[in-house]
Amino acid sequence: MKKIFTLSLVFIVATFAAQGQSAKVVADKILAIVGDRIILYSDIQNTISDAIRNGNQVPDNAQCVLMEQALISKVLMLQAEKDSLPVSDEEIEADLDNRIRKYINAYGTQEALEEIAGKSIYQIKEDARETVREQKLAEAMQRKIVENVHITPNEAKIFFEKLPKDSLPFFESELEIGQIVFYPKGNRDLEKFVMDELLNYKKQVEMKLTTFEQLAQRFSEDPGSKDRGGEYQVNRNDKTWDPNFLAACFRLKNIGDMIGPIKSKFGYHLIQLVQRIGDDAVVRHILRTTPVTDVEVKAAMAKADTVRSKIIAGSLSFAAAATRYTEDDQAKFSGPYFLGRDGAPYVTIDLLDKDLVAMLDKLKPGEYSQPTVFEENGKKGVRIVHYKSRSEPHRLNMKDDFSRISTMALEEKKQMTLEKWMKDKVPTYYIMIDDEIKTCTDLTKWIGEKQKAF
């Protein structure tokens, strides 16, 4: 079934041009009117151009597809306004910041983005603010429409039986693998040694004996930024950063100022401000971790062994133990089991690290590993692994893939619910469509007594 309700309005910077080409001015026109909102020719064409620049494949009927999505989005947005669905200024600002960061990463620097757009970051955000607000409202309305849609086991069975048997997808062997992680804690003497080292780096920069960038390239233990002198672009509202690290970045006011040592979940940081514009900043940092000795590793092993004993005795489930004890931040939110590319708790063996793959040779499905030392990004840890299950290579079937089939059936049911809602709501809105797009056959449903061409 064609999914026309996937809201994927692209962040439009109207003056963007393909790299190496100058911007061309296109005579604009109104292609459609929905209520008191308009859809412009430039909205559609800029979205297509943006997709091409990003290397995406654009179908021949892209204009028709985007027009239908835009019309649907306008109806959803207008209904959201009628229903007074909440969309906060903070949500909009955070979305704008995320999109700006995406473009800065694509073009290399903030200066390059501003040069290509012909606008400042502030102007780009202001020009896109209303578009993002409308998108957020449409998404909120879409969630409201389907929030009470559920699927029963019988509905999942009926859905599966309707699938063409000669085109069922084939799956390689998949595993359910979970882990509970414990990180050894460094002792106080070594922590003080690391902090003193960072203070020494700070003094060297202040005395102009070297640069912060050079020290980061030599001594930082952050592999993600070491080669570029410890540099990162951060935003005050981006919750993916460690809160202590982020707060320290925005205590810096003047270019060149330094702060540290600052403790985060990764270790200790010395941070220098490179650039600051409102809630966005460019910083450099040097990360140093506290060395872990055999004494600390043994302590973590003992703690892990105690937790494993509770799991084996049945006094604590693996999931409950993970919730209570794991020090893996991601697992605290998504659960202890590894997720596959589709977000399901099943993975193919190529997604596991080599040490974990080696452990599986000594385990059978259903078993728990002994506490085992591992290393990730230079950081030592101890983990208990649960080898929950392993499927054989197979075609999609109810026995092995009930969870996956239920998800597919639920998505179809949501789609049908959205289509019915649109069918009922579209006639209540004033919609006019330009003659130029009357050739889009899928748009004929929009042209009724209140939906006329102009």
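The values are calculated or read from the model by the stated rules, or taken from the named source; none is laboratory data. Predicted model only: the values in this text are computed from it and were never measured. Virtual Cβ from ideal backbone geometry, glycine too; neighbours counted across all protein chains shown.
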TODO: Report those helices (runs of 4 or more DSSP H) wholly inside the stretch 149-265 carrying at least 1 residues which are within 30 Å of Asp305 (Cα to Cα) and out of contact with any Pro (no Cβ under 9 Å at 6 or more places or on another chain).
DONE: 188-206
- [ ] All but one of (1) without any contact (Cβ under 8 Å) to a residue 12 or more places away in the chain; (2) part of a loop (DSSP other than H, G, I, E, B) hold for Lys310, so report the exception by its number.
- [x] (2)
Open item on the list: Given the criterion exposed (fewer than 12 other Cβ atoms within 10 Å of the Cβ) and in contact (Cβ under 8 Å) with a residue 40 or more places away in the chain, identify the matching residue among Asp329, Asp350, Asp305.
Closed with: Asp329
Task: The lone exception for Ala358 - which of (1) crowded, with 18+ Cβ neighbours inside 10 Å; (2) under 30 Å from Lys185 (Cα atoms) it fails - done: (1)
TODO: Would you check which residues across the stretch 42-64 are in contact (Cβ under 8 Å) with a residue 40 or more places away in the chain and under 28 Å from Lys425 (Cβ atoms) and list them?
DONE: Asn61, Gln63, Cys64
Open item on the list: Name the residue that is farthest from Lys239 (Cα to Cα), counting only residues in the stretch 99-121 that are of a type outside the set (Asp, Glu) and surrounded by fewer than 16 Cβ atoms within 10 Å (Cβ to Cβ).
Closed with: Gly118
Task: Failed condition for Asn200, given (1) surrounded by fewer than 17 Cβ atoms within 10 Å (Cβ to Cβ); (2) within 30 Å of Glu90 (Cβ to Cβ) - done: (2)
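Yes or no, residue by residue, for (1) closer than 18 Å to Gln214 by Cα; (2) at pLDDT below 90; (3) surrounded by fewer than 19 Cβ atoms within 10 Å (Cβ to Cβ):
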residue	(1), (2), (3)
Ile262	no, no, no
Lys265	no, yes, yes
Ile271	yes, no, no
Arg288	yes, no, no
Open item on the list: Against the conditions (1) in contact (Cβ under 8 Å) with a residue 40 or more places away in the chain; (2) not assigned by TED's automatic domain parsing to the domain that holds Leu363, where does Ala247 fall short? Just the number, please.
Closed with: (1)
TODO: Would you check if there is a residue in the stretch 382-391 being exposed (fewer than 15 other Cβ atoms within 10 Å of the Cβ), in a loop (DSSP other than H, G, I, E, B) and in the same structural domain as Gly178 (by TED's automatic domain parsing)?
DONE: no
